[in-house]
Amino acid sequence: MSGLSHLDAAGRARMVDVGDKPVTERRAVAQGLVRCAPETLALVRDGRAPKGAVLLTAELAGIMAAKRTHELIPLCHPLALSHIGVAIIVDDALPGLRIEAEARLSGKTGVEMEALTAVSIAALTLYDMLKAVDRTMEIGGIRLMAKSGGRSGEWFAAGEGMSHDTKEVP
């Protein structure tokens, strides 16, 4: 068990000590999907969803969640994010909504969990705001798409990419 970073030699949970790691620019991009009925997507696109500004509210929820990741995920470090952006794109081909989040900071630990948390909470917010009109929605495909900084350097997911360039999410 000692090979797992969040367990000590006795198997007890611990927060990883990043005190000796160098400060580097770190970035993570995550993606997720909310599949829905075409009629639900039309309501969102036309701004006619019963609960109002669905996309704006879900993007804001994702940003707020990323800033609180350390309160939601045990053993995550509290981070001073320099940027968190969440974009939700209407995708007729799904049909549904594609959620993309980017987190950045200058620090000693990565921001993957913050980007993934932003996507997850944005997806749950979309579900909450649209469930009155579509209980068949499906949340899925939440994954890390790219990361940079730290010991491991740059990494990009293989296969299906983002709906736009991963250089920056608004």
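What the table shows:
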read-out	value
Rg(Cα) / (2.2 N^0.38 Å) computed for the chain, rounded to two decimals	1.12
Average Cα contact separation per residue, the chain, under 8 Å, 6 or more apart, as relative contact order %	34 percent
Qualifying lysines (Cα of each under 16 Å from Cα of LYS131; at least 8 residues distant if same chain)	LYS51
Quotient of Cα Rg and 2.2 N^0.38 Å for region 45-115, N being how many residues it contains	1.29
Environment charge at PRO78 (Cβ cut-off 13 Å; Lys +1, Arg +1, Asp -1, Glu -1)	+1
Taking N as its residue count, the alpha carbon Rg of region 107-157 over 2.2 N^0.38 Å	1.51
Charged-residue dipole, Cβ positions (Lys, Arg, Asp, Glu), the chain about Cα centre, Debye nearest 20	360 debye
Full-extension gain in nm, SER106 to ASP20, via 0.36 nm per residue minus C-alpha separation	29.5 nm
CD proxy at 222 nm, helix term only [per DSSP H run n ≥ 4: -39500 (n - 2.57); per residue of the chain; nearest 500]	-8000 deg cm²/dmol
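Bear in mind these aren't lab numbers, they're just calculated from the coordinates by the rules spelled out. Predicted, not measured: the structure shown is a model, and the values here were computed from it. All Cβ positions, glycine included, derive from the backbone under ideal geometry; neighbour counts span all protein chains shown.
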